Amino acid sequence: FTGLADVSISEDIPVEGEITVPVGSHSPDEDYSTLDEPVRDTIMRDLKAVGKKFVHVLYPKKSSALLRDWDLWGPLVLCVSLALMLQGGSADSKDDGGPQFAEVFVIIWFGAVVITLNSKLLGGTISFFQSLCVLGYCVLPLTVAMLVCRLVLLAGSGTISFIIRLVVVVAMFGWSTLASTAFLADSQPPNRKALVVYPIFLFYFVISWMILTFTPQ
Amino acid sequence: IASLVMYLFSEFDDAANLLAANPDATTISIDEPVEIPKNQRSRLQEPGREEDDELLGTDDSDKTELLAGQKKSAPFWTFEYYQTFFDVDTYQVLDRIKGSVFPVPGKNFVRLYIRSNPDLYGPFWICATLVFTIAVSGNLSNFFIHLGKPTYHYVPEFRKVSIAATTIYAYAWLVPLALWGFLMWRNSKVMNIVSYSFLEIVCVYGYSLFIYIPTAILWIIPQKVVRWVLVMFSLCLSGSVLVMTFWPAVRDDNRRIALATVGTIVLLHALLSVGCLAYFFDAPELDFPAPIIPAHNGTTVITKSQ
């Protein structure tokens, strides 16, 4: 190393960094140790993460866990179950029925993408997938509303069942909108909050409308 | 050229002195000192002036020209370029909506509200809201009209959403494109005072569609008279915004072409509203349910019917 003796760094340039010397062969094994764990552990870890986020949506407090560790499993499960439950609607002709599976899917995902783009274009600081994650998870109350509506419709489809469904859907719509704005509103510039919240309101309104107007055959 | 320079420097001088010195200029009390001198100049001088002024920059447009240059300098493949079209605050969007619903006679929507900061937020979300409002209101209105009938089975008519979306977005984007192309073509033939960029035209059209949102909600009322009154009312309001915006752009052209252009604008606007009313809202069959009361003493009682 004699050549390096000539190298000198002037005092006023801050030198930063970390030098860690790998200690033996422990760390490579620790990094890849998830390969050796039983499959049940792997699946349960992801399921627990999804479940934790569901709980966050049901009790929307400002927490960064939902934002930080985003995942799209929950939104996918919710979207597919909602679209499946919206099937079997009545149709006189094929043209007049409720939304098809693909239409529900496209509305939810395309709508979430457009809202995310909108908030980013307005100067929001949230990342693309974090926003998709929040919007997707906040569909949970509306999926619960759809489940309740289907159960109520099994009992009958008169005026009383309509009123029950209306109340449930309106309540869940409010819950979804409030939950998603609780998570998303902070990342927006303060004088544009209403501009960002309104499309979210429209998005959940359209989904609520699809749920409310579902009539079985 | 000397008088042009003089008028340029007039912006920085005391306006009262200048107007007093110039016997041709008429003084009127003004809310916005920048707007009126421009309009006055365009009325008093030959048409080339205002374009020169706009090119060289008067007080207000000077700043905005510079700012516009700085704002939109990002290349079109970066995200920042598209962010410049969403550079509006909540109060600005609300002001623009207000301006489209309450047209002030004599004030140009583009000059007053847009001021070389056209945004795409308003047009896009107003169109989206309008699409869903028309679809939902149409569905509700049909439901109420057919409610009592025993053979009626409610359907959500979801297909109509995609039809509504295609129609309204096509109107809000293709008509401005055609209009912009037409104005550019006329500009090459006749020196027009006022010329609009494509985004400003899209902006005006987008915001002028706002009045149809409450109109569509009120169209749920199943009375023909009410619906047609609403059509006329909303057409007058938003049509006047469009006419006041585009009349200055064509008024120096051949009289017939100017009138034909403005007439086409209003006609397309009317076609959109009447078409939406006809397609999404079923006709109410009776204006008033008219029970004929059987008379006991031979005279017939005639109740209201249309």
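The values are calculated or read from the model by the stated rules, or taken from the named source; none is laboratory data. Fair warning: this is a prediction, and the values are worked out from it, not measured in the lab. Methodologically, a virtual Cβ is constructed for each residue, glycine included, from the backbone with ideal geometry; neighbour enumeration extends over all protein chains shown. These area figures cover heavy atoms from the full protein model, side chains too; ligands, DNA and RNA do not enter into them. Shrake-Rupley method; radii C 1.70, N 1.55, O 1.52, S 1.80 Å.
Here is how the numbers come out for the structure above:
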quantity: Residue match in segment A:205-214 (condition: in contact (Cβ under 8 Å) with a residue 12 or more places away in the chain, within 10 Å of chain B (Cβ to nearest Cβ) and open to solvent by 50 Å² or more (accessible area, probe 1.4 Å)); calculated: yes
quantity: B:CYS236 being open to solvent by 60 Å² or more (accessible area, probe 1.4 Å), within 20 Å of the chain's Cα centre (by Cα) and not β-branched (Val, Ile, Thr); calculated: yes
quantity: Selection count where residues are open to solvent by 50 Å² or more (accessible area, probe 1.4 Å) and within 14 Å of chain B (Cβ to nearest Cβ), scope segment A:173-185; calculated: 0
quantity: Matching entry among B:THR129, B:THR167 (being at pLDDT 85 or above and within 19 Å of A:TYR204 (Cβ to Cβ)); calculated: B:THR129
quantity: In segment A:116-145, the residues that are within 13 Å of chain B (Cβ to nearest Cβ), within 26 Å of A:GLY51 (Cα to Cα) and buried (at least 22 other Cβ atoms within 10 Å of the Cβ); calculated: A:THR116
quantity: Flag if B:VAL131 is buried (at least 18 other Cβ atoms within 10 Å of the Cβ) and within 9 Å of chain A (Cβ to nearest Cβ); calculated: no
quantity: Only listed residue being closer than 22 Å to B:ILE134 by Cβ, open to solvent by 10 Å² or more (accessible area, probe 1.4 Å) and away from chain B (no Cβ under 14 Å), chosen from A:VAL148, A:VAL170, A:VAL152; calculated: A:VAL170
quantity: Any chance B:PRO118 is within 30 Å of B:ILE201 (Cβ to Cβ), assigned to a loop (DSSP other than H, G, I, E, B), open to solvent by less than 20 Å² (accessible area, probe 1.4 Å) and more than 10 Å from every other protein chain (Cβ to nearest Cβ); calculated: yes
quantity: Qualifying positions in segment A:186-200 - crowded, with 17+ Cβ neighbours inside 10 Å and either away from chain B (no Cβ under 11 Å) or closer than 17 Å to A:PRO141 by Cα (or both); calculated: A:SER187, A:ILE200
quantity: Output for segment A:85-98, where each listed residue is within 11 Å of another protein chain (Cβ to nearest Cβ) and at pLDDT below 80; calculated: A:GLY89, A:SER90, A:ALA91, A:ASP92, A:SER93, A:LYS94, A:ASP95, A:ASP96, A:GLY97, A:GLY98
quantity: Hey, B:VAL93 among the β-branched types (Val, Ile, Thr) and surrounded by 18 or more Cβ atoms within 10 Å (Cβ to Cβ) or not; calculated: yes
